[in-house]
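Trainee: One structure is given below, represented as structure tokens, and several questions about it will come after.
The values are calculated or read from the model by the stated rules, or taken from the named source; none is laboratory data. Note that the coordinates shown come from a computational prediction; the quantities given were computed from them, not determined experimentally. As a convention, Cβ positions derive from the backbone with ideal geometry for all residues, glycine included, and neighbour counts pool all protein chains shown.
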Amino acid sequence: MFTSDAISYVPLFGIAAIAIVIAVLLTIIKVRKTAKVSFIAYFALAIIVFACIYTASHPGMMLFALLLLFTALLFIPYCIMLAFGKPQEFVRADESEAEVEEKKPEVVVEEIQVEKIDLIQKGKAFITLASDSFSDKDGMQTLLDSINATCVEVTQANGGAILMVDEFEDLITVKSFNGDFPPPYKLPEDLPHKPLRVSTSFKYAQFPLRDNIFGEVATAGKAEVLPVPKMDERIFENGPEDFLKLGSFIFIPLRMPERDVVVGVLALSRNPDTDPFGDKEFDWAQTLAGFAESALKTVLNFKQYTEKQELTKEAAIASNIQLSFLPKKLPPLPGLSIGTYAEHTSGVCSDIYDVIPARQDRIAFIMMDVAGKGMNSLLVMTMIRAMFRLIVNTTQTAGTILSWANRGICSEPNADHFASVALINYDPGKRKFQLSTGGSVPVLRYNVAKEAVEKISVTCEPIGIEKTTSYKDIEFTASQGDIIICYTDGLVEALNAQGQQYSLASLTNIIKANAKLPGKDIANLVKTDIKKFVGNETLRDDQTLLVIKIQ
């Protein structure tokens, strides 16, 4: 006979079998991804199977009941999560996939993408033009005009302008002009209010970086849209003519991000009879301005690189020619001991000295420091040197020769640099000096009788400043042991690591302490002393020294 306990094993094994079947079904659901399956379900089913098997082998309902209670408790947090979690969208059985697709906002997304893609394509065209501009002398202008025209087209503006900043003169200048652009600044009083005259004036206009909307935007570096410009105090309306009436404006600074410097401003205008610019046009203009910045960066960096290469090449040629001007070997000079020192800075080309035995009664010494650097300085240096070599063998005085050379340089239209010059004529038979100076090249004399160094030159305008300048002669008779010293400012203004100058006092101390030595030895001692003072610091200006000792 079967007891009731024996019969109870049948539903236990049935429950276990059903739990196993449910586990298999959950696995199929998870593999096919038709619904999410939590690990809690698997864990609960495993407990149920274990409880059934354990109860069958160990009679007693207590453990089975406890395990069943625990299983039920496991489902509570899972059900809470499903009940209060984020709702999921499900497709109804009678709803087709096409109907579901129609509910998704794909059309709006596609429209936005098309607009963005169009802007990207137009922006890429800027980069292409930038690369093409390298081989075209008008490439920069072509690029600016293209950027301007594209921005006008995309934003449906009536006119546009691009202005570029001149950082050396603190000005912003119109470089590209397109369409109708009523001036938002006060027109000159004498300018007729005619469309052609006004637009022509604007095409070539320059503005300071203040007191006008273009300069203010460039200085602030902030993009602005002005739907009602009359309410902005930076805007001036020149009316009442229709073509001068203001509509709306967009102003966007063009900057170089790596330097955080504004190099230009993009300006767009709409006429008052059209809808003002909105956020959409403002966003499009800023997107295109970003591409324009990348294109301009490419062009400006390439221009800077080529200019630097040209300057380096030019400076190397100028330096080589400058060195060729220095006397290779000084001729024997009766009654004199000569010492020289010349240290040239790479790419500067400003200092030169010369010694010219012009006649039996005249030895000419020249010290020259030309302002600027490169080929322009070399041109002025070459002309002055050639003039001196032609004129010093005459009977004219040092002051007259300097005045002639000054008129010659001032009359030369291509000589836009000036020069500081000292011309010293010496008569060895009479021990007589005659000198004249212009600019910042001083002449010192060590007076052996006084054992002191004194300045004997006078201050006068450099050569090349004023055509009518007259240079004076200074004459004196030297004694045996006297020393004439001439130098350029790069020597006494040389800096050490602490930013201190070598100074005139250091130079005169060396001369006084070694006045009994020959001129060559004195110059070498100055050279050693200044190199020790400067150390490893970079030379900022040419250093040139001429020491003339009376034997």
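Trainee: Might you check whether a residue that is assigned by TED's automatic domain parsing to the domain that holds Cys486 and surrounded by fewer than 16 Cβ atoms within 10 Å (Cβ to Cβ) occurs anywhere in the stretch 347-357?
Mentor: Within the stretch 347-357 (the criterion being assigned by TED's automatic domain parsing to the domain that holds Cys486 and surrounded by fewer than 16 Cβ atoms within 10 Å (Cβ to Cβ)), the answer is yes, since at least one residue qualifies.
Trainee: Additional query: Could you list all residues from the stretch 189-227 that are surrounded by fewer than 19 Cβ atoms within 10 Å (Cβ to Cβ), among the aliphatic types (A, V, I, L, M) and closer than 16 Å to Ile162 by Cα?
Mentor: Matches in the stretch 189-227: Ala223 only.
Trainee: When you check Thr508 against the structure, is it crowded, with 16+ Cβ neighbours inside 10 Å, in the same structural domain as Gly399 (by TED's automatic domain parsing) and not in a strand (DSSP E or B), yes or no?
Mentor: yes
Trainee: So which of Ala17, Ala6 ends up being modelled with pLDDT under 70, assigned to a helix (DSSP H, G or I) and either exposed (fewer than 15 other Cβ atoms within 10 Å of the Cβ) or not assigned by TED's automatic domain parsing to the domain that holds Thr55 (or both)?
Mentor: Answer to the check: Ala6.
Trainee: Let me ask you something else. Please state which one of Ser479, Ser470 is over 43 Å from the mean Cα position of the chain (by Cα) and closer than 15 Å to Ile550 by Cβ.
Mentor: Criteria check complete, one pass: Ser479.
Trainee: Could you figure out which of (1) within 18 Å of the chain's Cα centre (by Cα); (2) within 19 Å of Ile162 (Cβ to Cβ) isn't true of Tyr305?
Mentor: All conditions pass for Tyr305, except number (2).
Trainee: Check the stretch 252-273 and report whether any residue there is over 28 Å from Glu169 (Cβ atoms), surrounded by fewer than 19 Cβ atoms within 10 Å (Cβ to Cβ), in the same structural domain as Lys186 (by TED's automatic domain parsing) and of a type in the set (S, T, N, Q).
Mentor: yes
Trainee: A further question on this structure: So in the stretch 470-492, with the set limited to residues that are assigned to a loop (DSSP other than H, G, I, E, B) and polar (S, T, N, Q), which one is surrounded by the most Cβ atoms within 10 Å (Cβ to Cβ)?
Mentor: Selected residue: Thr488.
Trainee: Would you please name the residue that is nearest to Leu504 (Cα to Cα), looking only at residues in the stretch 441-469 that are among the small types (Gly, Ala, Ser) and surrounded by 13 or more Cβ atoms within 10 Å (Cβ to Cβ)?
Mentor: Ser457
Trainee: For residues that are touching a Gly at 6+ places or on another chain (Cβ under 6 Å) and within 13 Å of Ile483 (Cα to Cα), scanning just the stretch 511-547, find the one that is surrounded by the fewest Cβ atoms within 10 Å (Cβ to Cβ).
Mentor: So the residue we want is Lys520.
Trainee: Quick one: count up the residues across the stretch 373-418 that are at pLDDT below 90, in a helix (DSSP H, G or I) and farther than 18 Å from Asp354 by Cβ.
Mentor: Final tally of qualifying residues: 4.
Trainee: How many residues are without any contact (Cβ under 8 Å) to a residue 60 or more places away in the chain and aliphatic (A, V, I, L, M) when one looks only at the stretch 513-546?
Mentor: Summing the residues that are without any contact (Cβ under 8 Å) to a residue 60 or more places away in the chain and aliphatic (A, V, I, L, M) in the stretch 513-546 gives 5.
Trainee: Next question. Could you go through the stretch 485-499 and let me know if any residue there is closer than 26 Å to Leu323 by Cα and among the polar types (S, T, N, Q).
Mentor: So far as the stretch 485-499 goes, yes, one or more of its residues are closer than 26 Å to Leu323 by Cα and among the polar types (S, T, N, Q).
Trainee: Just a yes or no: is a residue in the stretch 316-331 over 30 Å from Asp361 (Cβ atoms), surrounded by fewer than 18 Cβ atoms within 10 Å (Cβ to Cβ) and under 26 Å from the mean Cα position of the chain (by Cα)?
Mentor: Yes, the stretch 316-331 has at least one match.
Trainee: Now for a different question. Please find, within the stretch 148-177, the residue that is surrounded by the most Cβ atoms within 10 Å (Cβ to Cβ) out of those that are among the hydroxyl-bearing types (Ser, Thr, Tyr) and over 19 Å from Val263 (Cα atoms).
Mentor: Step by step, filter the stretch 148-177, then rank; the result is Thr155.
Trainee: In the set Pro272, Pro276, which member is assigned to a loop (DSSP other than H, G, I, E, B) and either at pLDDT below 90 or touching a Leu at 6+ places or on another chain (Cβ under 8 Å) (or both)?
Mentor: Only one candidate passes the filter, namely Pro272.
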